[in-house]
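Report on one structure; see the data block that follows.
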Amino acid sequence: MAKKQKQKPDTITLPNGKEFVIQNMEQEAQILTHHLRDLQNKMGSMRFNLDQLQLGYDAILIKLHTSLGEELPPNEQKNN
């Protein structure tokens, strides 16, 4: 039978560098910690989605210019 590994407690590190064990916090602080993590995840997802949208927009803009026989303006060429 495999040995059970001791799990490290779930912690959060604040911007000032202090680390706190979430299970040792008051309930309100635990809830706020969960909100922060959820917001961080959502912001990361939004950044990813924005990157995808920008790439799609740029590709379609290039395709439109090409189909019209037009060159991209110099400032648009630098972004691609």
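The values are calculated or read from the model by the stated rules, or taken from the named source; none is laboratory data. Being a predicted model, the structure only gives us computed values, none of them experimental. Side chains included, ligands, DNA and RNA excluded: accessible areas come from the protein's heavy atoms. Shrake-Rupley method; radii C 1.70, N 1.55, O 1.52, S 1.80 Å.
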How would Ser45, Ser67 rank on accessible area, largest to smallest, probe 1.4 Å? Ser67, Ser45
Can you give me the accessible area per residue for the chain, using a 1.4 Å probe, in Å²? 96 Å²
What are the extents of the Cα atoms of the chain along their three principal axes, in Å, largest first? 65, 38, 20
Within straight cross-link reach of Lys6, meaning Cα distance under 20 Å, which aspartates and glutamates are found once same-chain residues fewer than 8 apart are removed? Glu19
Accessible area of the chain with a 1.4 Å probe: how many percent of it is carbon plus sulfur? 57 percent
Calculate, in nm to one decimal, what Met25 and Phe48 gain on full extension: separation in residues at 0.36 nm each, minus their alpha carbon distance. 5.1 nm
In sequence order, what are the phi-derived ³J(HN,Hα) couplings for the range 50-57 according to the Karplus relation 6.51 cos²θ - 1.76 cosθ + 1.60 with θ = phi - 60°, rounded to whole Hz, with x for glycine and proline? 5, 4, 4, 4, 5, 5, x, 4
